[in-house]
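Below: the structure, in structure tokens.
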Amino acid sequence: MKDPRMEVEELRAGVSCATVLEQATPPWRLDRAESTRRCLKYRRGAGEIVIVTHDGAGWWDPNSDAKGDVFLLVQHLEPSLNFGEVRKALRPLAGVQPDFAPMERTRAKRNPTQPIAERWAQKPRLRKHSQTWRYLAGRGLPETVLLAAARCDVIREGPYGSAWFAHRAGGVVTHVDVRGPTYKGSLTGGCKSLFVFPREIAGRSRFVLAEAAIDALSRAALESLRDDTIYAATGGGMGPDSTEVIKTHLRAIGVLPGAQFESATDANLAGDRYAARHETLAIEAGVPFLRRRPPIDGEDWNDVLKAQGDLP
């Protein structure tokens, strides 16, 4: 009879979290446009997301603080299962490769990923009246905000009029969200932190956090670029690295008079879940919290900005 401890280690090493998701009922589907070789985004149902990391050995849920190994993933999906039942569920999956594996690994060998910071440095900074500028202006962002974003180098110009939004850690670009007329995604090979605007944040006591960089810039536009405010965005789900950066910002503003953490997530179920997590972080940091929800269900703050521009 096999030693249970040995079996646990074999299953932990031999079953990919991606396989568990793909073999679940109903199955989770890989969002290839939003995935990188290091972070695979799986979706199922309305707002359900799981990110698989560490070559299939780890995972995290951007809608909660849940994360862990393949055993914890099975219990996350089926909370009623005890540890022994999880072992039984994993046995048939040992050695089963997830569907993404052959294509992703082959592509990675053929096209080694250039470091994100280098790719960023090769792109031009945002220029007035460029194709990217016109795209962002078409999203309702005014010249004042675009000029300020260009000055602090948080947006660069990608191909086909797309806008590249930088996430930085220690001053280095570690991740880039991409939005354009026909594309929504991110550069492969990065590590999410936060999009932060402006970059000079010392002394700013108010922290406004949105999901998308365009929504953060929209809030800046709607408020005429308040000089006490840091406008930030997670680029979608909140991973462990993003959460740590948020905590760092909250510790910094928590010692300032008038400190406030304002959640500016979308007016939908996923946005409400993110806002609830923001509130938990605010409580832990002792920073006053406000949930500022767009006024109409399904809207985000860019929708609000564009609607304001349509007013007579």
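For the stretch 276-285, does any single residue satisfy the condition of being surrounded by 14 or more Cβ atoms within 10 Å (Cβ to Cβ) and more than 20 Å from the chain's Cα centre (by Cα)?
yes
Being more than 28 Å from GLY138 (Cα to Cα), among the β-branched types (Val, Ile, Thr) and buried (at least 21 other Cβ atoms within 10 Å of the Cβ) narrows it down to one of ILE214, ILE253, ILE230, so name that one.
When all the criteria are applied, what remains is ILE253.
I'd like the full set of residues that are in contact with a strand residue (DSSP E or B) (Cβ under 6 Å, 6 or more places away or on another chain) and part of a helix (DSSP H, G or I), limited to the stretch 58-85.
LEU73
Applying the selection to the stretch 1-43, what residues are closer than 14 Å to ASP61 by Cα and open to solvent by 50 Å² or more (accessible area, probe 1.4 Å)?
Once the filter is applied, which keeps residues that are closer than 14 Å to ASP61 by Cα and open to solvent by 50 Å² or more (accessible area, probe 1.4 Å), the stretch 1-43 yields only ARG43.
Taking into account only those residues within the stretch 233-249 that are farther than 26 Å from PRO295 by Cα and of a type outside the set (Asp, Glu), which is surrounded by the fewest Cβ atoms within 10 Å (Cβ to Cβ)? Step through it out loud before you land on a result.
Step one: of the stretch 233-249, the residues farther than 26 Å from PRO295 by Cα are 239-245, 247-249.
With the extra rule that they be of a type outside the set (Asp, Glu), the set shrinks to 239-240, 242-243, 245, 247-249.
Values: GLY239: 22, PRO240: 14, SER242: 23, THR243: 17, VAL245: 21, LYS247: 13, THR248: 11, HIS249: 21.
Step by step, filter the stretch 233-249, then rank; the result is THR248.
Name the residue, out of THR132, THR144, THR188, that is open to solvent by 60 Å² or more (accessible area, probe 1.4 Å) and outside any strand (DSSP E or B).
THR144
Do you know which of the residues in the stretch 38-57 that are assigned to a loop (DSSP other than H, G, I, E, B) and not small (Gly, Ala, Ser) is farthest from SER242 (Cα to Cα)?
Only one residue fits best here, namely ARG44.
The values are calculated or read from the model by the stated rules, or taken from the named source; none is laboratory data. Keep in mind it's a predicted model, so treat the numbers as computed, not measured. As a convention, Cβ positions derive from the backbone with ideal geometry for all residues, glycine included, and neighbour counts pool all protein chains shown. These accessible areas exclude ligands, DNA and RNA; they are computed on the full protein's heavy atoms, side chains included. Shrake-Rupley method; radii C 1.70, N 1.55, O 1.52, S 1.80 Å.
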